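Take a look at the structure set out below.
Since every read-out is calculated from the coordinates, none of them should be taken as a lab result. Quick caveat, the model's predicted, so the values are computed rather than measured. Using ideal geometry, Cβ is built from the backbone for each residue, glycine included, and neighbour counts are taken over all protein chains shown.
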């Protein structure tokens, strides 16, 4: 088991290293003159030269690459052109908000998606089944930013039952920071009012973000269950007199869920991408809003750092997913990759 | 042809195909179908933000332009962008997949590791970074989307080539002296075509969606383009008064992407007999 985890981690490394190289190439080669870009429109040649020396842009490209790699490995992403603060610090501060939103979305998607898929498969070609088919295709076709605006329009502007934007009410304020997760920190501080308010703020963005995941999970649970139902051991269990519910819960679901777990890893990418637009719309103070802000202010250091951090988070999630798969179904480790 | 017949028998997929066909017709004849074709560029401030009526079925936007006309004109943009991106991604990804799949060795390893790097970050994030660094605008956004989508084609073709290279007919071809280029282009590629077609169809839907997000975030199409994502973004400042402003461009995105996804699903089922059974 430990060996398998180690092997998976080692497999993720080359891609991440490649990503560092790619971001380096992007930041140094694509802009005609990075120093001029940094200096801005009102740059004098003297200022550009100064910046070039300051950032080490006057050294040979290979030396720059090594320096870049060392900086990235020590978590030094430079300073944001926009705020002047270290990018790493800003990202760390914003990461929990994005993770909280992503986890909430993943939670909704799983808690609703698995039962929906199961019921759809058990009532193959029934009403729920057709509903799930529509949902599983429609959920992936809907533009998250549009859905977010439509939900805001209905639930915040017209009905006025859920907050329009933000993470907690300004009047209440953020709870003292322990983990960075509002729902956790508010409970730690014993502030139940903030917890409830945090939940209310989370509803719309999390639902928006969960839809593609919900669609995918429901779909894969459905096809996984349908496939498992045709297996011999299910026939045997049925012949042995197991009831429908017991059969579905013990025999079928566990076998079907392996497929779903793989999807969660792939979904995480969709969730992070979706979070960019969704966060921007709900004014959610996470990495997504940070990335959008970086785009608007042409802050390429911040943008590349976000790209790298997302890549790392993505890799970690996929390793975790593979490990979870082995826990559920040990045969996976035997097959290798 | 069996595949086509199977596809038509699958009602849901045929419905998807119908949507795509409809969008194609709308895109080709957009300037003639749109009630106010000049509204792509012209503004009429006097009639801004009018609700849907007989005169303007989808209402008017913040500059008094007919939203129905702009949705129709936007279809052309959305399809052009998606086709260009998917074709470019195919042009990069298919040869890489073929080369990497044919022989094992350092070339194959290098190509697939490079592919992994591009897959290590969600597509949108990479496209945002790329698009912004090249230059904001629809051209750069398209380059960025193509540069982030090719790995999916490379993966697909790689898997197909690996599967086919040990096939008996490939051995036979090599035996009678066919060159690797000939085998790959004339025999392996046509056999991989169904998988590539499925990938391309799904890629069309995905690209339309991602391009809309880029337009929404201000990295893609720029005003006064009738881009759907851009329209939704412009509409935000006029809510809750002008509900029709974001609604119709968003529905257009939903419908077109839905069409491609349904069609892609149907094609996948038709192309892969193993999956056919589970659908019924």
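When residues in the stretch A:161-193 are screened for being under 25 Å from the mean Cα position of the chain (by Cα) and closer than 23 Å to residue A:151 by Cα, 10 of them pass.
The residue list A:259, A:247, A:235 contains one member that is free of Cβ contacts under 8 Å to residues at least 12 places away in the same chain and either surrounded by 19 or more Cβ atoms within 10 Å (Cβ to Cβ) or out of contact with any strand residue (DSSP E or B) (no Cβ under 6 Å at 6 or more places or on another chain) (or both), which is A:235. Please go through the stretch B:77-113 and give me each residue that is surrounded by 17 or more Cβ atoms within 10 Å (Cβ to Cβ), within 14 Å of chain A (Cβ to nearest Cβ) and free of Cβ contacts under 8 Å to residues at least 60 places away in the same chain, ordered by number. Listed by number, the residues that qualify are B:111, B:112.
Please go through the stretch A:115-136 and give me each residue that is in a helix (DSSP H, G or I) and either surrounded by fewer than 22 Cβ atoms within 10 Å (Cβ to Cβ) or free of Cβ contacts under 8 Å to residues at least 40 places away in the same chain (or both), ordered by number.
Selection gives A:115, A:119, A:122, A:127, A:128, A:129, A:130, A:131, A:133, A:134, A:135.
The set of residues in the stretch B:119-144 being at the interface with another protein chain (Cβ under 8 Å from one of its Cβ atoms) and without any contact (Cβ under 8 Å) to a residue 60 or more places away in the chain consists of B:119, B:120, B:121, B:122, B:125, B:126, B:129, B:130, B:133, B:134.
Checking the conditions here, which among A:313, A:276 is assigned to a helix (DSSP H, G or I) and surrounded by 24 or more Cβ atoms within 10 Å (Cβ to Cβ)? A:276 is the lone residue from the list that is assigned to a helix (DSSP H, G or I) and surrounded by 24 or more Cβ atoms within 10 Å (Cβ to Cβ). Looking across B:256, B:262, one residue alone is facing chain A (nearest Cβ under 7 Å) and either crowded, with 24+ Cβ neighbours inside 10 Å or without any contact (Cβ under 8 Å) to a residue 40 or more places away in the chain (or both). It is B:262. Of all the numbered requirements in (1) surrounded by fewer than 21 Cβ atoms within 10 Å (Cβ to Cβ); (2) part of a helix (DSSP H, G or I); (3) more than 10 Å from every other protein chain (Cβ to nearest Cβ), residue B:199 misses one, and that requirement is (1). Which numbered condition trips up residue B:193, out of (1) under 30 Å from residue B:6 (Cα atoms); (2) within 14 Å of chain A (Cβ to nearest Cβ); (3) free of Cβ contacts under 8 Å to residues at least 24 places away in the same chain? Residue B:193 satisfies all of (1) under 30 Å from residue B:6 (Cα atoms); (2) within 14 Å of chain A (Cβ to nearest Cβ); (3) free of Cβ contacts under 8 Å to residues at least 24 places away in the same chain except (2).
Is at least one residue of the stretch A:328-336 touching a residue at least 12 places away in the same chain (Cβ under 8 Å), part of a helix (DSSP H, G or I) and within 10 Å of chain B (Cβ to nearest Cβ)? No, because not a single residue in the stretch A:328-336 is touching a residue at least 12 places away in the same chain (Cβ under 8 Å), part of a helix (DSSP H, G or I) and within 10 Å of chain B (Cβ to nearest Cβ). Note on the stretch A:144-182: among residues that are assigned to a helix (DSSP H, G or I) and touching a residue at least 60 places away in the same chain (Cβ under 8 Å), the one that is nearest to residue A:212 (Cα to Cα) is A:144.
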